[in-house]
Amino acid sequence: MKTPIIIDTDPGIDDIVAITAALFSKELDVKLITTIGGNVGIENTTRNALDLLTFLGKDIPVAKGAGEPLVSKPRTATHVHGTTGVGEYRFEAQANAALLSEENAIVAMKNHIVESPEPVTLVPIGPLTNIALLFKTFPETLDNIEEIVLMGGAAAGGNATPVAEFNIFADPHAARIVFDTAIPIVMCGLDVTRLTSITYEDVEKLKGMGQAGEMVYDMLDYYKHTYSDGKVTIHDLCTIFYVTRPDLFTVERANIKVVTEGEAAGCTITNFTDDGNVSVCVGADVAEFRKEFISVFEGIF
Ligand code: RIB
Ligand code: CA
């Protein structure tokens, strides 16, 4: 039985890798992809999602979500992902516009969740604005969500600021709403994403691995420019591998409090406690994770 998932995303180069891994996983049934403004603006993230699905030949619906955070001013990460969001890569084919839903992301998620015969796993890999709006607008969806497996936060450190990770920093008010919801959450934060960085040698292997491998190689070759230690961190990929291979990860339970204002805005204050509602990924089998990364591209075109 495949796990039904909805991916909420701001592609974004690491999002592209995560979505590709999900689409070709034998364990996952990607029901819907919703887009959010984050790494780049909503028009670019939505176009990148449509371009990727067209390139990979996958007829998955895409629904466009929020272009701005609930309260904070919009922030992007063009310095990491380039102005389009996919580095210097250009998808040649015209995107299949028929994949773009007429429904807004919140309505599309609500419809897929309430109509699903199986509880749905939500996989947010961008700012949490859409997820917060979903819970506030359609609280009945909480009854048919298995868990949320998100990329965001950190028990220690940050990348947007010294104490805040980008996805949380971009919309801390939305993140507080999500983490304050009594629902099982798996936090794939910087603590684990930084452990599971991929080496430049791993990236080079993609060159001979078909069109999907070449596409991801080109994007990661650009993405390398913001890294210096011979590795690249594909943050969002951790969420997909957590759903398909939870055995790769070590988790500790915690309660998370999100700081929404001031110098520490976006900080995920992590109180480790056995009765916490959040499973924080604190460790991973890095060698196996790297093998899993390469295996994504084996046997696809
Ligand atoms: O901090 C890393 C996160 O911010 C990733 O999801 C990346 O795509 C950006 O959205
Ligand atoms: Ca992302």
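Calculated mean residue ellipticity, 222 nm, the chain: -10000 deg cm²/dmol, from DSSP H runs (n ≥ 4) at -39500 (n - 2.57) each, averaged per residue and rounded to 500. On the basis of the beta-carbon distance and an R0 of 45 Å, ILE269 and ASN96 show a calculated FRET efficiency of 0.55.
Spin-label pair HIS225-GLU204: with each label point 7 Å from Cα along the Cα-Cβ axis, the two points sit 2.2 nm from one another. Across segment 11-72, the convex hull enclosing all Cα atoms gives 86 Å³ per residue.
Taking the average, over residues, of other Cβ atoms within 10 Å as the packing measure, peptides 47-56, 240-249 rank 47-56, 240-249 from highest down. Just want the answer: with Cβ charges of +1 for Lys and Arg and -1 for Asp and Glu, which residue in PRO11, VAL232, THR78 is farthest toward the dipole's positive end in the chain? Of PRO11, VAL232, THR78, it is THR78. Peptides 225-237, 174-186, ordered by how many other C-beta atoms sit within 10 Å of their residues on average, highest first, read 174-186, 225-237.
Taking all Cα pairs closer than 8 Å and separated by 6 or more residues, the relative contact order of the chain comes to 19 percent. Over 32 Å apart at the Cα level, from the set LYS110/LYS231; LYS110/LYS207; LYS73/LYS205; LYS110/LYS257, are LYS110/LYS231; LYS110/LYS207; LYS73/LYS205. Think of each Lys and Arg Cβ as +1 and each Asp and Glu Cβ as -1; about the Cα centre, that makes the dipole of the chain roughly 300 debye. Compactness of the chain is given as radius of gyration and Dmax, 17.4, 50 Å, from Cα positions.
Which of rounded, prolate, oblate describes segment 48-155, given a ≥ b ≥ c as roots of the alpha-carbon gyration tensor eigenvalues and a/c under 1.5 marking rounded, otherwise prolate only if a/b is larger than b/c? Verdict is oblate for segment 48-155.
Using the Cα gyration tensor of segment 230-269, with a ≥ b ≥ c the square roots of its eigenvalues, what is the shape: rounded (a/c below 1.5), prolate (a/b larger than b/c) or oblate (neither)?
Note, shape of segment 230-269 comes out oblate.
By the Cβ distance rule (another cysteine Cβ under 4.7 Å), the unpaired cysteines of the chain are CYS267, CYS281.
All of the numbers you see were taken from the coordinates with simple rules; none came from a lab. Please read all numbers here as calculations on a predicted model, not as lab measurements. Counting neighbours? That spans all protein chains shown, and the Cβs are built from the backbone with ideal geometry, glycine included.
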